[in-house]
1. Among the listed residues A:P172, A:P258, A:P161, identify the single one that is touching a residue at least 12 places away in the same chain (Cβ under 8 Å), in contact with a helix residue (DSSP H, G or I) (Cβ under 7 Å, 6 or more places away or on another chain), more than 13 Å from chain B (Cβ to nearest Cβ) and closer than 30 Å to A:D92 by Cβ.
2. Could we say that A:A407 is crowded, with 18+ Cβ neighbours inside 10 Å and in the same structural domain as A:V286 (by TED's automatic domain parsing) here?
3. Anything in the range A:436-475 that is within 16 Å of the chain's Cα centre (by Cα) and farther than 19 Å from A:Y488 by Cβ? List them, or say none.
4. I'd like to know if the range A:61-80 contains one or more residues that are surrounded by fewer than 22 Cβ atoms within 10 Å (Cβ to Cβ), among the hydroxyl-bearing types (S, T, Y) and out of contact with any Pro (no Cβ under 7 Å at 6 or more places or on another chain).
5. All but one of (1) within 14 Å of chain B (Cβ to nearest Cβ); (2) in contact with a Pro (Cβ under 8 Å, 6 or more places away or on another chain); (3) at pLDDT 80 or above hold for C:L282; state the number of the condition that does not hold.
6. Between a first residue in the range C:126-145 that is touching a residue at least 40 places away in the same chain (Cβ under 8 Å) and within 9 Å of another protein chain (Cβ to nearest Cβ) and a second residue that is β-branched (V, I, T) and assigned to a helix (DSSP H, G or I), which pairs have beta carbons less than 6 Å apart while being 6 or more apart in sequence or on different chains?
7. Applying the selection to the range A:1-49, what residues are in contact with a Phe, Trp or Tyr (Cβ under 7 Å, 6 or more places away or on another chain) and either at pLDDT 50 or above or within 23 Å of A:I233 (Cα to Cα) (or both)?
8. So which residues in the range C:241-253 are under 17 Å from C:P159 (Cβ atoms) and facing chain A (nearest Cβ under 10 Å), if there are any at all?
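The values are calculated or read from the model by the stated rules, or taken from the named source; none is laboratory data. Predicted model, so just to flag it, every value in this text is computed and none were measured. Neighbour counts run over all protein chains shown; Cβ positions are idealised from the backbone, glycine included.
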Amino acid sequence: MKFKTLKLLTGTTAALLLAANVAAAETPKRGGTLNFVVGSKIPSMDGHMEGTFGMIHPIRPFYSTLIRVNPANPSSTTDFVCDVCSSFSSSDDGKTHTFMIRNDIKFHDGTPLTAADVKATYDKLVFPPKGILSLRKKFFSMVDTITTPDNYTLVMKLKYPSPTFIPSVAMPFNFIYSKKDLDTHGYKWHQKNVNGTGAFQFVEYQPGSHVSGKRYDGYHHEGKPYLDGYKAISAPKMAVRLQAIRGDRAGIEFRGFPPKARDDLVKALGDKITVQEGDWNCSLLVTPNHKVKPFDDARVRRALTLAVDRWGGSKALSKIAIVKTVAGVVFPTHPLAANKEELTKIPGFWTDIKKSRAEAKRLLKEAGQSNLSFTLLNRAVDQPYRILGVWLIDQWRQIGVKVTQNAVPTGPWVDSLRKKKDYQVAIDANCQSIVNPIVDVSKYLGSASNNYAQYMDQPMEDMHAKMSRSGDPAEQRAIMRKFETRLYGEEAHIIPTLWWYKINPHRSYVKGWKIAPSHYLNQHLDQVWLDK
Amino acid sequence: MYKYAVKRILLMIPTLIGAGILVFMLMRMIPGDICEIRLGGTGLMVDKEQIDICRENLGLNQSLAKQFYDFAIGIATFNFGDSMWTGRPVTEEIAVRFELTLQIAFMATLTAVIIALPFGVISAIKQNTWIDYVIRLVSIAGIATPSFWLGIMIILGLLIVSQMVFGEPWMMPIQFVPIWVDPLANLSQTIWPAVAVGYRYAAVVVRMTRSAMLEVLREDYVRTARAKGLFEKVIINQHALKNALLPVITLVGIEFAFLIGGLVVTEQVFNLNGLGKLFVDAVLDHDFTLTQALVMMVVTIFVIVNLLVDLIYAWVDPRIHYS
Amino acid sequence: MAINETYVGVQEEPLAEQTWGGVAKDLIRRQPLGALGGLVVILMIAAALFAPQIATHDPEINDFGAMLEAPSLAHIFGTDEFGRDIYSRIVHGARTAMLVGFTAAICGSTIGLLIGVTSAYFGGWVDIIVQRVVDVLIAFPSIILALAIVIILGRGVGPVIIAITIPMIPTCARVVRSSALAVREIPYVDAARAMGFGHARIVLRHISPNIMAPYLIMLTTFLGAAILAEASLSYLGLGVQEPTPAWGLMLKSGAEEYAESAPWAVIFPGVAITLAVFGFNLFGDAMRDVLDPKLRSR
């Protein structure tokens, strides 16, 4: 079952979307406990300093955020609605954002929520004191001041208008903490303790095993949640998560399964399994190290991207890996994304692979690199790193380039990418939560802290700066095209692969949960119910 | 005997110190950095500033000498610190998993001994008959089968067979419940890994029992007993088995010690939240404090079990001199 | 081979009559299982040596027109998720397995032998220090040691071999040392020393040959163990690298995802590993029975 959405252009305020919701409106049943499996583990419980779904899936339901992706329409990339606010608006110049905070919300410990709590939360996120981690600080670099004119109004003033601000506020990591907790227990208390305003109250955390929550009766979204509680069970092995759903030890897994796993489940259980699928705001990319010869030569990099048959690969790989869609630098269904006509003009996306490979060989010859061989640094993770690694090596073989692979655990992989920078060519990932293209593509700037290719491309920096301060969607789109062509085609700084494809087969009795473009999104679980 | 015991106990100290130095060095030689993995692992935007805060908080910016000093003092005073990954006390992280691991180790040992002793003895007595061959083939197969493969086959087999028989596929519980809380749930989870591990374990013990038995059967006193016309059964019970048991006890002891923290692959396959899984995670996460504490614990258990085995050995077999 | 080179043949039970032909005959007559194991070993070595000749396809080329195909005449063991021929990958995988198995086992047991003999021969402080190091390595969790080594050393077959070898050394050194202690007391060693032979010569030519039995037994045990260890490392994602054909690697991906829908991707590599380890163990057991004088049949 796929949820199609209308494509609308994004402005500084969230656009309300109509969703062509395929699922027939059913009356949710109350009660029951949802068991789900999580393929990662919890570092700390403080959303502000963590970046893994291993924390989001079990912990997110305890908390609320200021605004969130519309739970009824999560596959939209531009539909944001209030969570603890009753409304939000922005000034005409796009520099002042006002959030009206609801006055009927209480934390699980009974403390009423006011704008002061939201301010304290955002102060921690945006202006963390010395020694306090905030992984989200960067996203809010445009924020100038946060003020509370009264108990239920929050005003954020920006240094410049930015189309990336509202999507950043909607990020699921921005848990609202109580000012009282921050004041009395300090900024590290939430790493090990929970007190939120979410749909569920914390019950138990057993390290390495599970987290459980029970229904919070004072929840501010009326009538919700439907579940009595949930249990998030840790299961790092994909095979175990799959069999857990098959044997009904769990109803759902929220990250995603490979295609064969979906087929096996459906074959074994028929209509007891419902499958939701959609594009995923993650992709793997090949990063040539520009400081290592011959990858400083744009011709060599272009040859490497021209060798890759993305259209053919999409058909084959979508049967064995969690990748599918061929698209440019922007998430495929977002208004800023390239259409097929624009895309197929970019080298590497040509539909004629023979022509493309001939050009690749010509470029290699011209660069004097006809016998090129190198080592590909990869991450020792099966899906989809290993599969794409094998595929890419075979693609490059077809233009006469010999590649050996060095797949290493996450630690050495990150170390080589970020610290040592000693690799020749590496597979890297860009995986984000909220679809926020202008922020998401900032990874491709030479100046970005998470860009490991070691180049500096001033024209691209300028384009991005212009795009992030532009209020005009049409202008943003035009700049994005130039940015894309330069990145993938002319300079081939980065060699794109396919966009990930999220496949969530689950027990059919799990209702109300809708797939989003990211495994980080729509995980507050207040709308989920069990049809048992 | 007393002197021997004291000497053996004293010999444990250099082993523990050596293991401590080894794990401390190994962990710092592995390329990577817990802060980089945790904050930048999935290609997120992370400034060096944030990484530095994280490193500072975890004490990673201190000199190696200071870090080693803290580690050594911590071990000596039984203060193992907090896990760098979760921030929880290491003892708490380990305690949660220890129970499960210990239970599996006991069950696997029990399975192995119950299967292995009789078959090993039979195999030796009936040496070079078809019974011997079958037992040996089956036991070598136990050693030769990769345990993760066996585990996956067990899980899948249960799902498919149960669906054919009952209409609903059955999967073992994937979450640990202590045996005194719910014995049924506990056993229905732990029995499978115990069997999978027990099979390989039994295979090793069968081979040891067989060869120990063969050796003893050729000793002069057994030959003498035979020559005296004692019944085969009596010989085996009274003379041979007792002496053949010694190397078997050694093996069982060492294997048992190995199971604490050694079931890395099996725990992954059966989703057991045990020490083996914690161990691998800790190493891969660059969680220095946790890995160090785990190594020290496992090594301590190993040397203590070895000590006990040796003492039993010395006590049972008077031929051993304690030089 | 060293067995026949015993300089001064003072032994309880001389090994002089044990030529290789004699051992082989012995094996088939008295050890049918061992002979079977030997046959498997020969088969595996042959597959490794002649892989390019007996493989039907290139083991590394992707063929997306033939993904996960069931066994057929074109692909007798079927194909994997990349359309690669499983039979050809298994045959080529034998190379990896034999390379890892033999190198790790021979290095592990030989280094262990030298350390064990040296430690026993010199005794005193050398022995005490060497044995404490051995203590540490034996007590140290071997999978963690292997894991750490392979991550530190990085890519390729080499680090995998080293990671598998190092935990083997102390075990072998310990066993060899106890045998060597006994040999040291034998008069001919004193005689050799009296003749003014150097330490190296005595260790290598006089003591080592006399503890060949435990050495060979350790060696054959290690062979199977090394192949299994490689598979386990692969399962943890740290073994040999794709697209190099290796059994553990094939089994890892196959077993996780295709155990049900494409069982051939799991069964054949699984059988290859099991068969190889099986063969080496059977052969090793037989060797133990033949070589260990104490275990010789009546």
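1. Answer to the check: A:P172.
2. Details: crowded, with 18+ Cβ neighbours inside 10 Å: yes; in the same structural domain as A:V286 (by TED's automatic domain parsing): yes.
Against the criterion (crowded, with 18+ Cβ neighbours inside 10 Å and in the same structural domain as A:V286 (by TED's automatic domain parsing)), A:A407 qualifies.
3. Residue satisfying the conditions is A:N436 alone.
4. No.
5. (2)
6. What qualifies is C:I143/B:V264.
7. Passing the criteria: A:P28, A:K29, A:R30, A:T33, A:L34, A:F36, A:S40, A:P43, A:G47, A:H48.
8. Of the residues in the range C:241-253, the ones under 17 Å from C:P159 (Cβ atoms) are C:241-242, C:244, C:246, C:248-249.
Those that are under 17 Å from C:P159 (Cβ atoms) and facing chain A (nearest Cβ under 10 Å): C:Q241, C:E242, C:T244, C:L249.
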